[in-house]
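The values are calculated or read from the model by the stated rules, or taken from the named source; none is laboratory data. Owing to the predicted nature of the structure, the values given are computational and were not obtained by experimental measurement. Note that each Cβ is placed from the backbone with ideal geometry, even for glycine, and that neighbours are counted across all protein chains shown. These accessible areas exclude ligands, DNA and RNA; they are computed on the full protein's heavy atoms, side chains included. Shrake-Rupley method; radii C 1.70, N 1.55, O 1.52, S 1.80 Å.
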Amino acid sequence: METFYAMRRANGDWFAVADKGNLCVPIFKSSRDAMIAHSRDSGMECFRPVTFDSRTLEELRRTDGQSAAFLMISDPSRQLKHGLRLGFTELAPLMVD
(Lines give C-alpha, C1' and ligand atoms only; values in the text may rest on other atoms or scores of the structure.)
Protein backbone atom coordinates (compact mmCIF):
# COMPACT_ATOMS: atom_id res chain seq x y z
CA MET A 1 0.00 0.00 0.00
CA GLU A 2 1.17 3.48 -0.79
CA THR A 3 0.41 7.05 0.12
CA PHE A 4 -0.61 9.17 -2.84
CA TYR A 5 -1.11 12.88 -3.41
CA ALA A 6 -3.51 14.98 -5.47
CA MET A 7 -3.83 18.72 -6.00
CA ARG A 8 -6.54 20.57 -4.07
CA ARG A 9 -7.52 24.22 -3.59
CA ALA A 10 -8.25 25.77 -0.21
CA ASN A 11 -11.97 25.79 -1.07
CA GLY A 12 -11.90 21.98 -1.45
CA ASP A 13 -11.94 21.74 -5.25
CA TRP A 14 -9.78 19.01 -6.78
CA PHE A 15 -7.58 19.70 -9.79
CA ALA A 16 -8.72 17.62 -12.79
CA VAL A 17 -7.77 17.39 -16.44
CA ALA A 18 -9.96 16.59 -19.42
CA ASP A 19 -9.18 13.15 -20.83
CA LYS A 20 -11.28 11.69 -23.64
CA GLY A 21 -14.27 13.80 -22.66
CA ASN A 22 -14.09 13.00 -18.93
CA LEU A 23 -12.49 14.81 -16.03
CA CYS A 24 -9.72 12.89 -14.31
CA VAL A 25 -7.96 13.70 -11.05
CA PRO A 26 -4.18 13.28 -11.40
CA ILE A 27 -2.72 11.14 -8.60
CA PHE A 28 0.96 11.45 -7.72
CA LYS A 29 3.30 9.08 -5.88
CA SER A 30 4.84 11.90 -3.82
CA SER A 31 4.24 15.53 -2.95
CA ARG A 32 7.49 16.27 -4.77
CA ASP A 33 6.09 14.77 -7.99
CA ALA A 34 2.95 16.86 -7.52
CA MET A 35 5.02 20.03 -7.16
CA ILE A 36 7.02 19.21 -10.29
CA ALA A 37 3.76 18.93 -12.24
CA HIS A 38 2.52 22.10 -10.50
CA SER A 39 5.54 24.03 -11.76
CA ARG A 40 4.84 22.90 -15.34
CA ASP A 41 1.08 23.63 -15.45
CA SER A 42 -0.20 27.17 -14.83
CA GLY A 43 -3.71 25.77 -14.29
CA MET A 44 -2.51 24.40 -10.95
CA GLU A 45 -1.53 27.82 -9.64
CA CYS A 46 -4.05 27.85 -6.75
CA PHE A 47 -3.69 24.13 -5.96
CA ARG A 48 -1.42 22.43 -3.43
CA PRO A 49 -0.56 18.75 -2.92
CA VAL A 50 -2.58 16.96 -0.26
CA THR A 51 -2.61 13.34 0.86
CA PHE A 52 -5.04 11.28 -1.20
CA ASP A 53 -6.00 8.25 0.89
CA SER A 54 -8.83 5.72 1.09
CA ARG A 55 -11.00 8.14 3.10
CA THR A 56 -10.59 10.79 0.43
CA LEU A 57 -11.44 8.24 -2.26
CA GLU A 58 -14.60 7.25 -0.37
CA GLU A 59 -15.60 10.93 -0.03
CA LEU A 60 -15.34 11.33 -3.79
CA ARG A 61 -17.34 8.15 -4.35
CA ARG A 62 -20.15 9.49 -2.13
CA THR A 63 -20.05 12.90 -3.83
CA ASP A 64 -19.60 11.88 -7.47
CA GLY A 65 -20.81 8.29 -7.53
CA GLN A 66 -18.70 6.10 -9.79
CA SER A 67 -18.24 8.90 -12.35
CA ALA A 68 -14.86 10.18 -11.11
CA ALA A 69 -11.75 8.89 -12.85
CA PHE A 70 -8.08 9.20 -11.99
CA LEU A 71 -4.75 9.41 -13.79
CA MET A 72 -1.82 7.77 -11.98
CA ILE A 73 1.17 9.95 -12.90
CA SER A 74 4.47 8.11 -13.09
CA ASP A 75 6.45 10.95 -14.72
CA PRO A 76 5.40 14.43 -13.56
CA SER A 77 7.59 16.09 -16.20
CA ARG A 78 5.31 14.78 -18.98
CA GLN A 79 1.83 16.00 -19.84
CA LEU A 80 -0.66 14.78 -17.26
CA LYS A 81 -2.76 13.05 -19.92
CA HIS A 82 0.02 10.44 -20.18
CA GLY A 83 -0.95 8.95 -16.82
CA LEU A 84 -2.53 5.55 -16.32
CA ARG A 85 -6.31 5.93 -16.26
CA LEU A 86 -7.95 4.29 -13.23
CA GLY A 87 -11.45 4.09 -11.83
CA PHE A 88 -12.46 3.63 -8.19
CA THR A 89 -12.21 -0.15 -8.35
CA GLU A 90 -8.65 -0.08 -9.72
CA LEU A 91 -7.39 2.66 -7.39
CA ALA A 92 -8.93 1.51 -4.09
CA PRO A 93 -6.72 -1.60 -3.59
CA LEU A 94 -3.59 0.58 -3.91
CA MET A 95 -4.62 3.01 -1.17
CA VAL A 96 -3.38 3.26 2.42
CA ASP A 97 -6.20 3.10 4.99
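Cβ-Cβ distances below 8 Å connect the following pairs, each with a first residue in segment 16-29 that is free of Cβ contacts under 8 Å to residues at least 12 places away in the same chain, a second residue that is in a strand (DSSP E or B) and among the β-branched types (V, I, T), and a separation of six or more residues or different chains: A16/V25.
For segment 2-23, the candidate set comprises residues that are touching a strand residue (DSSP E or B) at 6+ places or on another chain (Cβ under 8 Å) and open to solvent by less than 40 Å² (accessible area, probe 1.4 Å); within that set, the residue that is farthest from D64 (Cα to Cα) is F4. For E58, the criteria (1) assigned to a helix (DSSP H, G or I); (2) modelled with pLDDT of 95 or more hold in every case but one, which is (2). Scan segment 69-85 for residues that are surrounded by fewer than 18 Cβ atoms within 10 Å (Cβ to Cβ), touching a residue at least 12 places away in the same chain (Cβ under 8 Å) and out of contact with any helix residue (DSSP H, G or I) (no Cβ under 7 Å at 6 or more places or on another chain) and the total you get is 5. Exactly one residue out of P76, P93, P26 is touching a strand residue (DSSP E or B) at 6+ places or on another chain (Cβ under 6 Å) and not aliphatic (A, V, I, L, M), and it is P26.
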